[in-house]
Every structure is written in structure tokens, then in C-alpha cells.
1. Sorting check: for 109-117, 88-96, which peptide has the highest mean count of neighbouring beta carbons within 10 Å, and how do the rest follow?
2. With every protein chain present, what is the per residue accessible area of the chain (1.4 Å probe, Å²)?
3. Set the Förster radius R0 to 22 Å, insert the Cβ-Cβ distance between K65 and E89 as r into 1/(1 + (r/R0)^6), and round the FRET efficiency to 0.05.
4. Which whole-number percentage describes the relative contact order of the stretch 55-117, with Cα contacts under 8 Å and a sequence gap of 6 or more?
5. Starting from the Cα of Q120, step 7 Å along the direction of its Cβ; do the same at A54; then give the gap between the two resulting points in nm.
6. Each label point is 7 Å from the Cα along the Cα-to-Cβ direction; what then is the distance between the points at F112 and R45, in nm?
7. Which distance in nm do the two modelled labels at S17 and Q3 give, with both placed 7 Å along the Cα-to-Cβ direction?
8. Just give me a number: lysine pairs in the stretch 10-123, eight or more positions apart or cross-chain, with C-alpha atoms less than 21 Å apart.
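The values are calculated or read from the model by the stated rules, or taken from the named source; none is laboratory data. The structure presented is a predicted model; accordingly, all values stated were derived computationally and were not measured. Ideal geometry is used to build each Cβ from the backbone, glycine not excepted, and the neighbour counts take in all protein chains shown. Accessible surface areas use protein heavy atoms only, side chains included; no ligands, DNA or RNA. Shrake-Rupley method; radii C 1.70, N 1.55, O 1.52, S 1.80 Å.
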Amino acid sequence: QVQLAESGGGLVQPGGSLRLSCAASGFTFSSYYMSWYRQAPGKERELIASITSAGGSTKYADSVKGRFAISRDNAKNTLYLQMNSLKPEDTALYYCNADYSFYSGSHLSRPFDYWGQGTQVTVSS
């Protein structure tokens, strides 16, 4: 069965950094594009970063471009999100998921009807 386990979140001051991890299992990780999403209280889930199956290309939402970096280690079935220059507006629950297409955001592009527990990132003084 598909499992996605996000970790690495926490409380950080503005301007600080965190690295999130997503441990994947139950599917052929290297065959899929992967993405990071986030959801703040009262707001819809937002696609913020995607990476191709071999990690050769990445794409980011304007809100995080230049500050966040998505990467993957297919040998470890793990997706990462390096988050730098964090801002209070980055506060959200962060999720990972697989995709059929690159940086789509549509549920039609997701191969699995599954979300992990997410990891909470709180940016505050």
C-alpha cells in the first residue's frame, strides 16, 4: 500500500531554514514526478514545488521561488524540500505526493488517492 511520511517541520524564526523529508513506499518511487504542497489554516492546499522522476528539472510557485529547493534521492525513496529565508507566510502544513504530470496541481494528475499526515512548519518570532 502507498505510504507517504513527511517529517522535518518545526518552529523557526523568520529568515531561518528547514529541510523537509518525505519517505515514500508502496510504489515505484523513481517512476513518478513528485511534488510538495502546503495548506495554511482556512486556505486551500497549494502546489509549491515539483520535480521530474530523475530529478533533472524542477518548478516552483512564485511564492517560494528562489527560497525553496526540491530534490530527491531515488535510491532512498525520499523527497526533500530545502526551505531557506523562511517567512511567516510560509507557516502551513506541508505534504508530499506523486504526480503523473509535471507541476500540474490537478487531482487528475495524482496516481494515488492518498495523503500523508503532513509536517507542520511554523515561522514566527
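1. Most protected by this proxy first, the peptides run 88-96, 109-117.
2. I get 50 Å² per residue for this part.
3. Details: r = 14 Å, r/R0 = 0.63.
After rounding, the FRET efficiency stands at 0.95.
4. 22 percent
5. Reported label-point gap for Q120 and A54 is 4.1 nm.
6. Each label point is offset 7 Å from its Cα along the Cβ direction, giving 1.2 nm.
7. With each label point 7 Å from Cα toward Cβ, the separation is 3.0 nm.
8. Close lysine pairs under the 21 Å cut-off: 4.
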